[in-house]
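Remarks on the structure that follows.
Here, each number is a calculation from the coordinates, and none is a lab measurement. Given the structure is predicted, the values throughout are model-derived calculations rather than measurements. Because the Cβ atoms are built from the backbone with ideal geometry, glycine has one as well, and the counts that use them run over all protein chains shown.
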Amino acid sequence: MPLTNNVIIKLNEITTMIEDKSKLSESEVDEIKSIFKGLVESGERYDVDEIEFWFENEGSWKNKESRVRIANLSNYVQDKYQQTAHLRILSDDDCSCGH
């Protein structure tokens, strides 16, 4: 699944936001999670391999650990969102409480 323009815009925001691309601070990790959370909450979906590939080809991300960390964060946020969305659907549809 190719990355949408909205996702690419956010990846560019991450690239601009991170000054030291060789290591991510905890506050930067929190901001990256927030960016990916905003994407999935707005209905965007992305392939984690495409995220890593984008950062690899972007040019300024020389450190593979940082690229992999961002890809892992994107995966974590998307999986977590899908699991909680699934639970919300189940709790509404499978309610045997008589409503």
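List pairs: first residue in segment 58-70 and in contact (Cβ under 8 Å) with a residue 40 or more places away in the chain, second residue acidic (D, E) and surrounded by 13 or more Cβ atoms within 10 Å (Cβ to Cβ) anywhere in the structure, Cβ distance under 8 angstrom, at least six positions apart or on different chains.
These pairs meet every condition: I70/E52.
Based on what the data block shows, is D49 closer than 18 Å to D79 by Cα and surrounded by fewer than 12 Cβ atoms within 10 Å (Cβ to Cβ)?
Values: closer than 18 Å to D79 by Cα: yes; surrounded by fewer than 12 Cβ atoms within 10 Å (Cβ to Cβ): yes.
Criteria met by D49.
Go through segment 7-33 and give me each residue that's among the polar types (S, T, N, Q), loosely packed, with under 11 Cβ neighbours inside 10 Å and outside any loop (DSSP other than H, G, I, E, B). It would help to see each step written out before you state the result.
Keep residues of segment 7-33 that are among the polar types (S, T, N, Q), which gives 12, 15-16, 22, 25, 27.
Checking which are loosely packed, with under 11 Cβ neighbours inside 10 Å leaves us with 16, 22, 27.
The answer is T16, S27.
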